Number of protein chains: 2
Amino acid sequence: MDGQLSPGALRQRVRSGEHRGNTSGFAAGYVQCNIVILPADWANDFLRFCQLNPKPCPLVATSNAPGDPAIPPLGDIDIRSDVPSYRVFREGEVTEELPDITRLWRDDLVTFALGCSFSFEEALLADGLEVRNVSEGVNVPMYRTDIDCTAAGPFAGKMVVSMRPFLAADAIRAVQICTRFPSVHGAPVHLGEPGLIGINNLARPDYGDAVTIAEDELPVFWACGVTPQVALEAARPPFAITHSPGCMLVTDLRNSQLAVL
Amino acid sequence: MDGQLSPGALRQRVRSGEHRGNTSGFAAGYVQCNIVILPADWANDFLRFCQLNPKPCPLVATSNAPGDPAIPPLGDIDIRSDVPSYRVFREGEVTEELPDITRLWRDDLVTFALGCSFSFEEALLADGLEVRNVSEGVNVPMYRTDIDCTAAGPFAGKMVVSMRPFLAADAIRAVQICTRFPSVHGAPVHLGEPGLIGINNLARPDYGDAVTIAEDELPVFWACGVTPQVALEAARPPFAITHSPGCMLVTDLRNSQLAVL
């Protein structure tokens, strides 16, 4: 991986097929986004879903108009080719995984770019905190909770959370740091007893990998960008496209630009 | 009690002896301060102690010069008469409790005004959080911890903390709110398992009163203004004066003016 590559140079490599797969650790310091692409007649409900559930679905930018593959606020982007891997959904089910969606593009498609935890993990690491999934070199553990999202039309479902363990003083510091970044999930939604949000076994995440939790540590839970995918599966639109997990849109925005303070 | 009284009017009543005792709930919206008065040759070490331990000892203001009973940044104050009750310490022991210290005043005395949790409790309540000691009408429970303060000359000791129980989501919100108020103890120093900071029994506080903690709540711990009194008892200066617990200096500063954001 190449943390020094500029976001534009990395996107060129993605666009040309030279870079495939995970974007974690690439273009260090720049915002990476979760992507959801929907037909225009589904877009308004999804937009409302994001607005009603800003912690799991923090909207960073959208395309300008149906059919337009550009997202100017995020850089010189062609959303049809600038994500390393895409998932195509039909009726809420993944039917294909593709490195390019140019041949599937339609003039009614609207793109949503949502914040991702890579940005706040960078801020936590920069402050000297240990982020367990980073130090153990695994995907962050994610869990389905019993917390209901606020429904918008057909989009609904339970919130998915990611978990990172911290000593209490570091958990307090993590709340402070992440509060500065509302557009990348913001402050945690829960800490301590997992059962209170419907999680029964931390050792068995629903997505990602389990991490070590020391006896003197608290599990700290953040709203997670998998939540919109769960809502998408529930809504069952006839056609939708997302990024593949870990294969994000790398943007020209700096993480520090997302800080509200 | 009279929350509507202006701070200046309340201080007049204190000065004249018309108001005695607790100041909690009076002059709502205004900053109340812990007071420590020391001979000038002890003042520098105490100032350093405050600077090294800003969470338990958040310095809001000091007097201008030894012997000067005014504290201009806090209002038209005569520190010899404007606190409802004083404790006089000799060699680290309380020897008297007095409503006025004019007859004890010396031309070498320096006054320190430290932030107090009343200010952040008001901010928590204003946000709709329940502050248990307020709703149960008791003094906040306070505990000695095993957390060492950073020593400055003879001033040293363990940190004392106050505790308020919250649901996890409210605890996270409380961290955000209190972070805005570093000069009144700021963010909590610990939450969750009390044993990790040397507290063995929440039902038996070292100072104040126990409060109810529901099963789904976390105890949240803030650095407490009793800490400097403990350091004072350890340092054993020949002469010192503080406010009596709960009988604070009411200032003209608004709580909102202490917010850094």
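The values are calculated or read from the model by the stated rules, or taken from the named source; none is laboratory data. All values derive from a computational prediction rather than experimental measurement. Methodologically, a virtual Cβ is constructed for each residue, glycine included, from the backbone with ideal geometry; neighbour enumeration extends over all protein chains shown.
Checked against the criterion of being within 14 Å of chain B (Cβ to nearest Cβ), charged (D, E, K, R), surrounded by fewer than 24 Cβ atoms within 10 Å (Cβ to Cβ) and assigned to a strand (DSSP E or B), the candidates A:ASP170, A:ASP146 yield just one match: A:ASP146.
Given B:CYS50, B:CYS57, which one is outside any loop (DSSP other than H, G, I, E, B), closer than 23 Å to B:THR179 by Cα and not basic (Lys, Arg)? Explain how you work it out, then say what you get.
Working: B:CYS57 fails: outside any loop (DSSP other than H, G, I, E, B).
Just a single option satisfies the conditions, and that option is B:CYS50.
Residue count for region A:102-113, restricted to those that are out of contact with any Ser or Thr (no Cβ under 9 Å at 6 or more places or on another chain) and touching a residue at least 40 places away in the same chain (Cβ under 8 Å): 4. The residues of region B:204-255 that are among the small types (Gly, Ala, Ser) and without any contact (Cβ under 8 Å) to a residue 60 or more places away in the chain amount to a single one, B:ALA214. Here are some residues: B:GLU122, B:GLU91, B:GLU97. Which one is touching a strand residue (DSSP E or B) at 6+ places or on another chain (Cβ under 6 Å) and of a type in the set (Asp, Glu)? After ruling out the rest, the residue left standing is B:GLU97. Checking each residue in region A:181-195 for being closer than 20 Å to A:CYS116 by Cα, buried (at least 22 other Cβ atoms within 10 Å of the Cβ) and at the interface with chain B (Cβ under 7 Å from one of its Cβ atoms) picks out A:ALA187, A:PRO188, A:HIS190, A:LEU191. Residues in region B:194-213 include at least one that is of a type in the set (D, E, K, R) and touching a Pro at 6+ places or on another chain (Cβ under 7 Å). Every condition in (1) touching a His at 6+ places or on another chain (Cβ under 9 Å); (2) modelled with pLDDT of 95 or more is met by A:VAL88 except one, and the failing one is (1). Summed over region A:82-110, the residues that are surrounded by fewer than 19 Cβ atoms within 10 Å (Cβ to Cβ) and either among the small types (Gly, Ala, Ser) or not in a loop (DSSP other than H, G, I, E, B) (or both) give a count of 12. Of the conditions (1) within 23 Å of B:ALA65 (Cβ to Cβ); (2) in contact with a Ser or Thr (Cβ under 8 Å, 6 or more places away or on another chain), B:PRO99 clears all except one; give me its number. Of (1) within 23 Å of B:ALA65 (Cβ to Cβ); (2) in contact with a Ser or Thr (Cβ under 8 Å, 6 or more places away or on another chain), only one is false for B:PRO99: (1). Among the residues that make up region B:173-180, is at least one of them within 14 Å of chain A (Cβ to nearest Cβ), small (Gly, Ala, Ser), without any contact (Cβ under 8 Å) to a residue 24 or more places away in the chain and more than 23 Å from B:ALA151 (Cα to Cα)? Scanning region B:173-180 turns up no residue that is within 14 Å of chain A (Cβ to nearest Cβ), small (Gly, Ala, Ser), without any contact (Cβ under 8 Å) to a residue 24 or more places away in the chain and more than 23 Å from B:ALA151 (Cα to Cα).
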